[in-house]
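The values are calculated or read from the model by the stated rules, or taken from the named source; none is laboratory data. None of the values given here were measured: they were computed from a predicted structure. Cβ sites come from the backbone with ideal geometry, for glycine too, and all protein chains shown count toward neighbours.
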Amino acid sequence: MRRFRSTLGFTLVELMMVIALIGVLSAVAIPQFMRYQARTRRSEAFMNLQALANAQKAFYAERDSYVETPLPYPDFVKYGGLGTDAMPWDAESQAAYADLGWEPEGEVRYSYESNSSVNCDATCDVCFTASAFGDVDGDGSPSAVMYVHPEEETGGGLSKCKSNFMSFGVPSNFGTSSDVYNQVAVNRSIDEF
């Protein structure tokens, strides 16, 4: 009698190698995918802060002052804290930015504030900082995306406002110590991506 060995199928060793390979690929791909998702969520803050800064500049051109909000809106505490979940742009938020005529579209993952005099380096009424606070990567620490519009002083320095909430300073270019003005930038003092 002859014995025939079946060649239809996989051995246990082959199956274990495939499973190990899938595990290694997952270990690399999943963290990258999570960072990609957080960056995508962050794009909301970039668009909204640019629109808010444009509204502030238009308001200043008409009224010679900037609109200041005392707290970030929407009030994230009311919606369970900063996180990856979206919050509605509620009536309180609408009222805070009614003078500017600015309102984001739909729900937001960030709370927004505009500061013009509370945390300035000097007494200035022609500078403002617009900030967005969120935790879009879900790591439990808030991040800030900011637009800082400083005032040029006669001595060559700059008067600039910090954020009112958590007193974040001016964001700097990634990998350098140069400050970023008049454009939306991530404050990387606590956020690495």
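Yes/no matrix, rows are residues, columns are (1) at pLDDT 90 or above; (2) surrounded by fewer than 18 Cβ atoms within 10 Å (Cβ to Cβ); (3) more than 19 Å from A185 (Cβ to Cβ):
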| position | (1), (2), (3) |
| --- | --- |
| Y60 | yes, yes, yes |
| G106 | yes, yes, yes |
| S117 | no, yes, yes |
| G140 | no, yes, yes |
| G156 | no, yes, yes |
| K162 | no, no, no |
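Can you work out which of the residues in region 95-110 that are in contact (Cβ under 8 Å) with a residue 12 or more places away in the chain and not in a loop (DSSP other than H, G, I, E, B) is farthest from the chain's Cα centre (by Cα)? The qualifying residue farthest from the chain's Cα centre (by Cα) is A96. Among the residues of region 173-188, is any within 11 Å of the chain's Cα centre (by Cα), at pLDDT below 75, surrounded by 13 or more Cβ atoms within 10 Å (Cβ to Cβ) and under 25 Å from G81 (Cα atoms)? For region 173-188, residues within 11 Å of the chain's Cα centre (by Cα), at pLDDT below 75, surrounded by 13 or more Cβ atoms within 10 Å (Cβ to Cβ) and under 25 Å from G81 (Cα atoms): present. Of note, E44 satisfies the criterion of being among the acidic types (D, E) and either assigned to a helix (DSSP H, G or I) or surrounded by 14 or more Cβ atoms within 10 Å (Cβ to Cβ) (or both).
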